[in-house]
Amino acid sequence: MYSKIRSLGLKGIGGYEVELETYISSGLPRFDIVGLPDTAVKEAGDRVRAAIKNNGFDYPVSRITVNLAPADTKKAGTVYDLPVLLGLLAATRQITPPQEDDMFFGELSLTGQLRPVAGALPMALAAQAAGAKRLFVPADNAAEAAYAEGVAVYPVSDVAQLAAHLAGEAPILPAVPRAIEPETGIFPDFADVKGQENVKRALEVAAAGGHNMLMVGPPGAGKSMLAKRLPGILPDMSREEALQTTAIWSVCGLTAPSDPIIARRPFRAPNQTASRQALAGAADLRPGEMSLAHNGVLFLDELPEFHRDVIDLLRQPLEEGSITVSRAAGSATYPSRFMLVCAMNPCRCGWYGHPSRRCRCTEKSVHDYQAKISGPLLDRIDIMAEVPALEFEELERKPDGEPSAAIKSRVDAARERQRERYAGLGFDANARMTPAAMEEYCALDDAGSALMRSAFDALGLTARSYDRILRVARTIADLGGSERIRPEHLAEAIQYRTFQLK
């Protein structure tokens, strides 16, 4: 007796088709799963046997072989429980065999209830690419999987419900995806911030062009407070960005039935003790913090307190927008295009350069503390802003700054100009301009060229720093509604590079 069931698996953050071939033959009772299964897959036999018996079906007392094809790809997780059960029941003719364009995945309880699994959306997208017409998933995964267009997603609560559906006795209605709507009011408001107008302006410029930013200032100046408000002024995510982000979060098990789609810009703030694996990706090829921040913000507070090798790990994704992770389990490339926002104290005690002269650090200790940040990483920071300590008068008065909604309206307008300008070029923000685009859209007049030359010589800029200044100047011009970069735009951009660490 033989049957074939189509299922899906995960590799990195992408899904792929898996065929389960079930063969039942005479001989001593035995259950074998072949095709490079991990321990969780091998244990499916025990869960399937209990679920079959508890739902009134007959478990075949024979030699059972289940082959997971392609057999040379490692299979992991509990997603194959449901297709293994269906393969056994179909091979023994206890249920109506599924159609060829049906696909299944899901974890089983011992009573036959279906439990949700991680990675529902990427597997649903893989089902769509494989030509499936119907996809049967655990009920708690249906809202997420339904965002895959072109395939009907059926929420299944238990084995009995699925058997009745396949027999045509009680059809299951397919899930309808919810509308993807921007989430508002979930991030703190800039109106609550007292003072720091120059830093707010720098954050607005960073948001408008997707630029990386470093804030330097003493403890309590408001660096973390300002950074947490940045996602509230970023443009709303497109459908494509929402699906990309949700796929990454889904693989990590961070989605929920009540919140199936990630419609807000991610804000990830790993602790200073985070390892390279935590940022890049784990040993089992799950994405790390740099990928979870894709399309959003990665905030590193107290930057020098991170391990040096962790800080230098940022260089590849900042340049390429992706990171390749190689582990014993294999190799995978994850999207990692995020805004890097960092905050740091000027020295270990935090008070170097403060008028109160509270700092007791030596010049050498200050230099050693700041030297933990490599020059190549600083070169990839577009905006450096000093966050001064607030005076008593600023703390005493009520906040009177602009609300995030007003700042966001200007950011949205600037980003729309960039989307129209770069349509068809493969990028949509100034921070990701190619050299060819810079030649065309960042041309300077004679006054701008003279200003840039003097800044280049005075600040000892590198070629990468030069490019970063031009990109920031282009963003400032977009915020001002200007078609060309004017000297005042360039001067402000240069100002964001004048702050120098020791």
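Structure values in brief
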| quantity | calculated |
| --- | --- |
| In region 220-244, the residues that are part of a helix (DSSP H, G or I) and not charged (D, E, K, R) | SER224, MET225, LEU226, ALA227, LEU230, PRO231, GLY232, ILE233, ALA242, LEU243, GLN244 |
| Candidates LEU68, LEU86, filtered to the one that is open to solvent by less than 40 Å² (accessible area, probe 1.4 Å), assigned to a strand (DSSP E or B), under 21 Å from ALA124 (Cβ atoms) and at pLDDT 95 or above | LEU68 |
| Residue in region 41-48 that is open to solvent by 30 Å² or more (accessible area, probe 1.4 Å), assigned to a helix (DSSP H, G or I) and closer than 30 Å to TYR334 by Cα present | yes |
| Residue check for ALA458: assigned to a helix (DSSP H, G or I) and free of Cβ contacts under 8 Å to residues at least 24 places away in the same chain | yes |
| Every residue from region 480-500 that is in contact with a strand residue (DSSP E or B) (Cβ under 7 Å, 6 or more places away or on another chain) and of a type outside the set (A, V, I, L, M, F, W, C) | TYR496, ARG497 |
| Qualifying positions in region 322-366 - part of a loop (DSSP other than H, G, I, E, B), surrounded by fewer than 17 Cβ atoms within 10 Å (Cβ to Cβ) and among the polar types (S, T, N, Q) | SER356, THR362 |
| So ALA447, is it modelled with pLDDT under 95 and either open to solvent by 20 Å² or more (accessible area, probe 1.4 Å) or under 28 Å from the mean Cα position of the chain (by Cα) (or both) | yes |
| Positions within region 410-426 being open to solvent by 70 Å² or more (accessible area, probe 1.4 Å) and assigned to a helix (DSSP H, G or I), in sequence order | ARG410, GLU416, ARG417, ARG419, GLU420 |
| Some residue of region 245-267 being surrounded by fewer than 19 Cβ atoms within 10 Å (Cβ to Cβ), in contact (Cβ under 8 Å) with a residue 40 or more places away in the chain and over 25 Å from PRO138 (Cβ atoms) | no |
| Test result for SER238, at pLDDT 90 or above and either touching a strand residue (DSSP E or B) at 6+ places or on another chain (Cβ under 9 Å) or open to solvent by less than 10 Å² (accessible area, probe 1.4 Å) (or both) | no |
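The values are calculated or read from the model by the stated rules, or taken from the named source; none is laboratory data. The structure displayed is predicted, hence computed values, not measured ones. Here Cβ is always computed from backbone atoms with ideal geometry, including for glycine, and neighbour counts include all displayed protein chains. Each accessible area value is taken on the protein alone, full model and side chains, heavy atoms only, with ligands, DNA and RNA left out. Shrake-Rupley method; radii C 1.70, N 1.55, O 1.52, S 1.80 Å.
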